1. Based on the mean of other beta carbon atoms within 10 Å per residue, what is the order of 324-335, 113-124, 283-294, most packed first?
2. Tell me, what is the percent relative contact order of the chain, built from C-alpha pairs under 8 Å that lie six or more residues apart?
3. Is the stretch 57-104 rounded, prolate or oblate when judged by the Cα gyration tensor, a ≥ b ≥ c being the square roots of its eigenvalues, rounded requiring a/c under 1.5 and prolate requiring a/b larger than b/c?
4. Please list 174-183, 296-305 highest first by mean number of surrounding beta-carbon atoms within 10 Å per residue.
5. Can you give me the Cα centroid spacing of the stretch 212-239 and the stretch 38-72 in angstrom?
6. Rounded to the nearest 500 deg cm²/dmol, what is the calculated helix-only ellipticity per residue at 222 nm for the chain, with -39500 (n - 2.57) per DSSP H run of length n ≥ 4?
7. For the stretch 52-133, what number results from the quotient of the Cα radius of gyration and 2.2 N^0.38 Å?
8. Report the relative contact order of the stretch 254-329, percent, no decimals, based on alpha-carbon pairs under 8 angstrom and at least 6 residues apart.
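Every read-out reported here was derived from the displayed coordinates using simple, explicitly stated rules and does not represent laboratory data. Computed from a predicted structure; not experimentally measured. Because the Cβ atoms are built from the backbone with ideal geometry, glycine has one as well, and the counts that use them run over all protein chains shown.
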Ligand code: ADP
């Protein structure tokens, strides 16, 4: 009898859950039978919605533990004989190079890493502890956003700051979205019928969070996010790269504290800050059609920064098998992909406009036949987490 795997993604005010009833190797076609989204947790207008093979919805004040407990109770008929629970964990520091079966020792290491990601890891840890509490005996696996990038060479992960900052305070570039890049590179290998260990890819993950990564011979060798997920591309509400000197300048100009400015860079910047309208690309594209100047400004800056980043990453490869777009924007917006490639001027890539408009043919190709390959590959981080969990608990 097959055993289901539960995937838990515990964020600051939300929990996303996905239940995979049966399993095999990642093929891009495995779908969860039940999914759930708990939002605005800890506030009066919290909600929990369960969809798929069973349905349930409530709006009542819930915290993380209550939401998880309610889900486990409502979905209990589907959770019999659970094989394992896979948790998304944002930061694995330099300790975790791959996913790990959690025990008291690995949990202690995770607690030690938490200061590196104070906005994320404590929430991920809370999800793990709640599951251990409610379902003792079911193995828990941590899957890290950073792990895939532990292959970065020193030249790519060091900042040009005093080396002691790295030695004593772990200040270095870690990179994020690693689970997505691992999934997308495996899926590209499957579609191209090549071993992933031989693939050279440049991947842009463009969602609410945005980053780009270069894969050489199947391994991440450079990526745009750094110590935290704030570095790199312009994102929904995050600034991406800025001159750290702006913090001193803005403090002098406005008297704002470091905490306030960091919050502004994380929550009020990016597409939202530039457009003064929205963090949502669909909204911005629609507003631009109505001649909204803020929307155009934000989209132009976004596309230019992506092009500049892809160009910079390409220096790592002597030949490129494909440029791949993924994430909500990367998968769905032909217009943004077109503008990114138009802003990246010194390249041989030629989009096929009808394939680009329809988000790719069956293999995901959006470039003209006979020209270097550009692809759209939908990411599936949950499936990657479920796959790792399945594999790591197989002989448990
Ligand atoms: P997250 O990073 O939270 O997982 P997603 O990967 O779902 O987010 O990406 C969300 C972004 O994708 C939003 O900016 C949304 O507007 C954008 N998006 C989704 N569909 C489209 C579309 N058809 N055209 C343009 N942007 C889209």
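1. Values: 324-335: 22.5, 113-124: 18.2, 283-294: 15.2.
Highest mean packing first, the order is 324-335, 113-124, 283-294.
2. Numbers: 808 pairs, mean separation 58.0, N = 396.
About 15 percent, as a whole number.
3. Values: a/c = 3.49, a/b = 1.70, b/c = 2.06.
Verdict is oblate for the stretch 57-104.
4. Details: 174-183: 27.2, 296-305: 19.9.
Peptide ranking by packing, descending: 174-183, 296-305.
5. Each part's Cα centre sits 32 Å from the other's.
6. Values: 15 runs with 152 residues, N = 396.
Helix-only estimate at 222 nm: -11500 deg cm²/dmol.
7. Working: Rg = 14.8 Å, N = 82, 2.2 N^0.38 = 11.7 Å.
Rounded to two decimals, the normalised Rg is 1.26.
8. Values: 41 pairs, mean separation 16.0, N = 76.
After rounding, I find 21 percent.
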